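First up is the structure itself, then whatever we jot down about it.
We did not get these values from a lab; they are worked out from the coordinates using the rules stated. On a predicted model such as this, the values are computed, not experimentally measured, just so you know. Methodologically, a virtual Cβ is constructed for each residue, glycine included, from the backbone with ideal geometry; neighbour enumeration extends over all protein chains shown.
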Amino acid sequence: MNHFEYRHHVLHCEEVPVPLIAQGVGTPFYLYSSATLTRHFLAMDQAFADLPHLTCFAVKSCSNLAVLNLFAGLGGGADIVSGGELFRALAAGVEPRKIVYSGVGKTPEEMRYALLSGILMFNVESSQELAALQAVAAGLGVKAPVALRINPDVDPQTHAYISTGLAKNKFGLPIEQAAAVYEEAKGLSHIEVVGVSCHIGSQLTSVAPFVESIHKVIAFIRRLTGLGITVKYLDMGGGLGIRYDQENPPEPAEYAAALKQALAEAPGCTLIIEPGRVIVGNAAILVTKVLYTKSGAKHFIVVDAGMNDLARPSLYGAHHAVLPVMERGQGQMTADLVGPICETGDFLARERPLPESESGDLLAVLSAGAYGFSMSSNYNSRPRVAEVMVRGDKFQVIRQRETLASLIQGERIPDWE
């Protein structure tokens, strides 16, 4: 469920007509519903209410401070993958002890920042990373809390670019090698082993891969117990999908029920979940204006948003539904929805039935909250768009549209002498 609906043929976000926002901030812009964000976070978090757990939002999916602050106010933590995401999470008010640091390429500087910030734990992905973290922690005279990320070699049945749990993926330690690295970690002076981590991919539309992976992880935890290693936290990552087109992903309650049944075999562990897309994906739209239409061998609708604003269609071949912001009884036409970027791959929809459009019309690209703005860029020297949040009958700009001057901020022409 989301809070975008037509009223008197005009698309609204909660109580606010979308054209009113477009008039105030210009186009393109990302538009978030705070009611939808809240509802989706609570649906996921409360599905695990009868278990000791922590819901750490995956910051990479949507890193705006206002969004992170909203989740922090609901008791949420953060799953981060960079020092920049740590900075954002702290600035948004996330409690350090609710922050988990994932990712395969943490630098010593980022490790130091996280240790000084007092985060909950690091999800370590290699023996060399473990050694680097030991050195940084020793230099600070502290112990680094660690979970090792294991790779269970489970097929998540999703797009190859967002699969993370197969043996051929770069993430985690092969499960058959991980016990030896745990024993290594146990013997290090400035490492405290606190957990096990596993994440198999994104946009999963079945609970079966989750169940397969958690059974492997629990069997591994029993093996660690036999080695005298206590596991306090079981981090099962995120990855639950949403409906973009014809997908039928499980509801949070179904996902939770499947995990809880398996978790009965691992009493005493606090579960950490790291949802991202499932919370924010359908909580935002990208609003764009039609610039031109043209026809020849095929029909094109040219809008002012492009692949630099929403990369998913070009990058993954992803489907995003497109609706007219104002219904005026227009029909549909098979066309490409394209932007102004100088690339043939610049499209938001391709060879799809789209609303018949004319110059000046506003279109809404749906399900744009996850990996939308957070993956946007300045390609073709285009300022990144505004982000706007609605709460009830009010809206606020939560990120100003970049200016032309901001494009060259920090650059200089060398003064050779």
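Counting Lys +1, Arg +1, Asp -1, Glu -1, what net charge surrounds ASN64 among other residues with beta carbon under 10 Å of its beta carbon?
Values: positive: ARG88, ARG399; negative: GLU387.
Local net charge: +1.
Can you tell me the relative contact order of the stretch 103-273? Whole percent, Cα pairs under 8 Å, sequence separation 6 or more.
Taking the mean separation of contacting Cα pairs over the length of the stretch 103-273, I get 20 percent.
List the equivalent ellipsoid semi-axes of the stretch 263-332 in whole Å, largest first, each obtained as the square root of 5λ for an eigenvalue λ of the Cα gyration tensor.
Ellipsoid semi-axes (Å, largest first): 40, 15, 11.
So which aspartates and glutamates can LYS98 reach, going by Cα to Cα under 13 Å and dropping same-chain residues fewer than 8 places off?
Result set, ordered by chain and number: ASP79, ASP235, GLU274.
How much net charge surrounds LEU234 when only other residues with a Cβ under 15 Å from its Cβ are counted (Lys, Arg +1; Asp, Glu -1)? Before the final figure, lay out each step's value.
Working: positive: ARG149, LYS216, ARG222, ARG223, LYS232, LYS260; negative: ASP79, ASP235, GLU265, GLU274.
Combined, the nearby Lys, Arg, Asp and Glu give +2.
Grab the Cα-Cα distance for VAL104 and LYS394, subtract it from 0.36 nm times how many residues apart they are, and report the gain in nm with one decimal.
This chain segment gains 100.3 nm when fully extended.
On full extension of the chain, what length is gained from GLN23 through ASN248, given 0.36 nm per residue of separation minus the C-alpha to C-alpha distance?
That pair, GLN23 and ASN248, stretches by 77.4 nm at full extension.
With just the Cα atoms of the chain, tell me how far they stretch along each of the three principal axes, in Å, largest first.
69, 67, 43
Tell me, what does the Kirkwood hydrodynamic radius of the stretch 103-273 come to in angstroms if you use every pair of distinct C-alpha atoms?
On the way: mean 1/r = 0.0604 Å⁻¹.
The Cα-based Kirkwood calculation yields 16.6 Å.
Kindly state, to the nearest 0.05, the FRET efficiency for TYR6 paired with THR334, given R0 = 30 Å and r defined as their beta-carbon distance.
After rounding, the FRET efficiency stands at 0.85.
So how far, in whole Å, is the C-alpha centre of the stretch 326-344 from the one of the stretch 41-104?
Taking the Cα centre of each part, the stretch 326-344 and the stretch 41-104 sit 36 Å apart.
Could you order peptides 175-188, 382-395, 363-376 by the average number of other Cβ atoms within 10 Å of their residues, highest first?
Going from most to least packed, we get 363-376, 382-395, 175-188.
Taking the Cβ of ALA132 as the center, what net charge do the other residues with Cβ under 14 Å away carry, scoring Lys and Arg +1 and Asp and Glu -1?
My count for the surroundings of ALA132 gives -3.
Counting only helical runs of four or more DSSP H residues, what would the 222 nm mean residue ellipticity of the chain come to if each run contributes -39,500 (n - 2.57) and the total is spread over all its residues?
-8500 deg cm²/dmol
Which of the helices in the chain, when you take each full DSSP H run, stretch at least 15 Å along the axis at their Cα atoms and have an average Kyte-Doolittle score of -0.5 or higher?
34-46, 127-140, 175-186, 208-226, 252-263
If you project the alpha carbons of the stretch 26-143 onto their three principal axes, what span does each projection cover, largest first, in Å?
Here the Cα extents, ordered largest to smallest, are 46, 43, 22 Å.
Could you sort the peptides 335-341, 353-359 by per-residue average Cβ neighbour count (10 Å cutoff), highest mean leading?
Top to bottom by mean Cβ count within 10 Å: 335-341, 353-359.
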